[in-house]
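Where a number appears in this text, it was derived from the coordinates with a stated rule and is not lab data. All values derive from a computational prediction rather than experimental measurement. In this analysis, Cβ positions are derived from the backbone assuming ideal geometry, glycine residues included, and neighbour counts consider all displayed protein chains.
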Amino acid sequence: MFSSIKIALVLLMLAGAGGGFVYVKTLKSDLETAKANQAKLEASVETQKAVIVQMQADFQAISKAKDELNQRAIVLQAELKNLDDKFNKTNASGKKRDIGDLAIQRTKPIEKIINRATANAQRCVEIAMGAPLTEAEKNATKNSEINPECPSLANPKYQPYAQ
């Protein structure tokens, strides 16, 4: 009887030791998995930091481009107003200029003016679409040398006279 109790106790101790061994092995496996996951998370955090830095740089570049675009819009609005003023002048008697009436009265001069303005406007479109500036356009500084349809685009060195 005592021998069967001893055998049972030895078996119980062996089962406990085996269970403990399996439990320790499982803990070691879980620890290795946790270490691998932590390494992945740290790599992910570094990647996210790099993405944040890139996003901040992109935001700065976008802000700069937006500011430049706003400045260009201000210049273009001023040029549009100037062009509008050319076509909507009022003479000394208070009468507005009528281009159609002028074209009938002075056909040849108006034709030359319109053809020159059309050529200048076409050159403005070419430049806006990426055509390179000529040396004459780059170096123009006087009113007689510039493209009056888009001086800020076609003539970068031109500074309008203060009025």
Which of the pairs K81/K157; K86/K112; K86/K108; K81/K108; K6/K28; K112/K157 have their Cα atoms more than 23 Å apart in this structure?
K81/K108; K6/K28; K112/K157
Averaging sequence separations of C-alpha pairs under 8 Å and six or more residues apart, then dividing by the length of the chain, give the relative contact order as a whole percent.
12 percent
Nearest 10 degrees, 0 to 90: what angle lies between the long axis of helix 107-128 and the longest principal axis of the chain (Cα atoms)?
20 degrees
Enumerate by residue number the GluC sites (Glu not before Pro) in the stretch 1-85 meeting two conditions: DSSP loop (anything except H, G, I, E, B), and at most 11 other Cβ atoms within 10 Å of the site's Cβ.
none
The stretch 58-119-the stretch 5-42 distance, computed between alpha-carbon centres (Å):
85 Å
Tally Lys/Arg at +1 and Asp/Glu at -1 over every other residue whose Cβ is under 14 Å from the Cβ of Q60; what's the total?
-1
Helix 2-87 axis, angle to the chain major axis (alpha carbon atoms, nearest 10°)
0 degrees
To the nearest 20 debye, what charge dipole does the stretch 98-163 have about its Cα centre, counting +1 at the Cβ of each Lys and Arg and -1 at the Cβ of each Asp and Glu?
160 debye
Treating the beta-carbon of each Lys and Arg as +1 and of each Asp and Glu as -1, no other charges, what is the dipole magnitude of the chain about its Cα centre, to the nearest 20 debye?
200 debye
Cut-off 15 Å between beta-carbons: net charge of the residues surrounding L133, Lys and Arg +1, Asp and Glu -1
-2
Exposed loop trypsin sites (Lys or Arg not before Pro) only (DSSP loop, at most 12 other Cβ atoms within 10 Å): please give the longest stretch of the chain free of them, not including the sites.
1-88
